[in-house]
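Accompanying notes for the structure given below.
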């Protein structure tokens, strides 16, 4: 890969003490997948998805980490299964996925990959998340699925969007909004609507998701280049500015640094939230372990972005 200035973050770099138990559980789910050859299951194990959850939510209890890990496995499989499809071909998948979230999982414990979403839905309902939280999560799931269709059409046409359009849609296409929703599950506290929609909280969450997307696109660049994908910030910048890939990489790192500076400045303006102050502190800390854990997972743990 072309040398570049690796992004850095100033947040706590932690991993859950439950990582061993979580990895055992993840391997059980991977082994239970139907219609996947052993070679593919080995690749899934090497992605270290248990480490993904354990780094991003290091403060969560084991049942919450297991619930989050089911979604992580589903979203990885969903991205891979539908790679190369057109937007029209993805319409049925979008509709079925929304239905599967509310459907019961198979009783025999063996899953087609899509049924992991049913298992996730069942586990979330055990957590007794409110109908309001579930509707927000479903909205973010819908955005992710629809944005996949949008991205697929650009890939099929081998065209690049402009950076502004790309940035707006990338936030939805990455699925990261669902995972920031899960911070509330992980801290075992739902924030009231007036808090979660407070402009500072909304903007901190948005910036977090932008940083995650930028970092992902930097580390997945080489693999996505080989797969001739267009939905990568570095490739979008290269196309828009007519520059070298090295220059575009450094521009992406500059975006990371700019977002981080904006986040740190905005965090200093957090107002008091009365009886919700402690919960807000936990939520904001969750945003920061999300950013740091995601970066560390890509740098140290996963083989997701290795080029074969």
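Readers should treat all values here as calculations from the given coordinates under stated rules, not as data from a laboratory. Everything numeric here is computed off the predicted structure, so don't read it as measured data. We place every Cβ from the backbone using ideal geometry, glycine too, and count neighbours over all the protein chains shown.
Which residue, 273, 166, 11, has the most motion in a Gaussian network model of the chain that connects Cα atoms within less than 10 Å? In the Gaussian network model the winner is 273. Residues considered: 63, 105, 199. Largest GNM mean-square fluctuation over the chain, using C-alpha springs under 10 Å, is found at 199.
Summary of the geometry: segment 263-308 and segment 1-48, compared by the centres of their Cα atoms, lie 19 Å apart.
Using the Cα gyration tensor of the chain, with a ≥ b ≥ c the square roots of its eigenvalues, what is the shape: rounded (a/c below 1.5), prolate (a/b larger than b/c) or oblate (neither)? Verdict is rounded for the chain. Helical runs assigned H by DSSP (4 residues or longer) give the chain a calculated mean residue ellipticity at 222 nm of -21000 deg cm²/dmol, each run adding -39500 (n - 2.57) before division by the residue total. Averaging 1/r over each pair of different alpha-carbon atoms in segment 190-308 and inverting the result gives 15.9 Å, the Kirkwood hydrodynamic radius. Place a label point 7 angstrom from the Cα of residue 275 along the Cα-to-Cβ direction, then list the residues of segment 184-198 whose backbone nitrogen is under 12 Å away. Once the point is set 7 Å along Cα→Cβ of residue 275, 192 turn out to lie under 12 Å by backbone N, inside segment 184-198. Taking a ≥ b ≥ c as the square roots of the eigenvalues of the Cα gyration tensor, segment 71-216 is classed as oblate, since a/c reaches at least 1.5 and a/b does not exceed b/c. Length gained on full extension, residue 262 to residue 41: 75.6 nm, using 0.36 nm per residue less the C-alpha separation. Peptides 235-244, 129-138, 213-222, ordered by how many other C-beta atoms sit within 10 Å of their residues on average, highest first, read 213-222, 235-244, 129-138. Diffusion coefficient (Stokes-Einstein, Kirkwood radius over C-alpha pairs, 20 °C, 1.002 mPa s) for segment 33-104: 153 µm²/s, rounded to a whole number.
Hey, with R₀ at 35 Å, roughly what FRET efficiency would residue 14 and residue 101 work out to, going by the Cβ-Cβ distance, to 0.05? FRET efficiency, residue 14 to residue 101: 0.70. The stretch between residue 223 and residue 203, if pulled fully straight at 0.36 nm per residue, gains 4.1 nm over its current Cα-Cα span.
Normalised Debye scattering of segment 1-138 at q = 0.12, 0.22 Å⁻¹ gives log10 I(q)/I(0) of -0.56, -1.41, counting only Cα atoms as equal scatterers and leaving out solvent. Of interest is the spacing of the C-alpha centroids, which for segment 118-172 and segment 88-103 amounts to 12 Å.
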